[in-house]
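Data block below; observations after.
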Amino acid sequence: MRTVQRAQDLPIAIVEEIAFENGWITRGQLMESAERYGKSPYGQHLKGLADGEIMLVPNQKN
């Protein structure tokens, strides 16, 4: 896991991304979280999600 996280420069599980994907937080709340992390890779990832620049892959439920 550590190798993947370092290669992608992002954590494997991003709590805000999971919450947004499941409708537990709004786009505005996601943006607030992104602003808290500033220009870090984590913050930029959240901002990309909020801005629609990063697309979520739908959950595959069996």
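Annotations for the structure displayed:
- The charge dipole of region 2-50, taken about its Cα centre with unit charges on the Cβ atoms of Lys, Arg (+1), Asp and Glu (-1) only, comes to about 180 debye.
- Per the Kirkwood formula applied to alpha carbons, the chain shows a radius of gyration over Rh ratio, Rg over Rh, of 0.98.
- The chain, helix-only ellipticity at 222 nm - DSSP H runs n ≥ 4, -39,500 (n - 2.57), divided by all residues, nearest 500: -15500 deg cm²/dmol
We did not get these values from a lab; they are worked out from the coordinates using the rules stated. Source: prediction; values computed, not measured. All Cβ positions, even for glycine, are placed from backbone atoms using ideal geometry, and neighbour counts span all protein chains on display.
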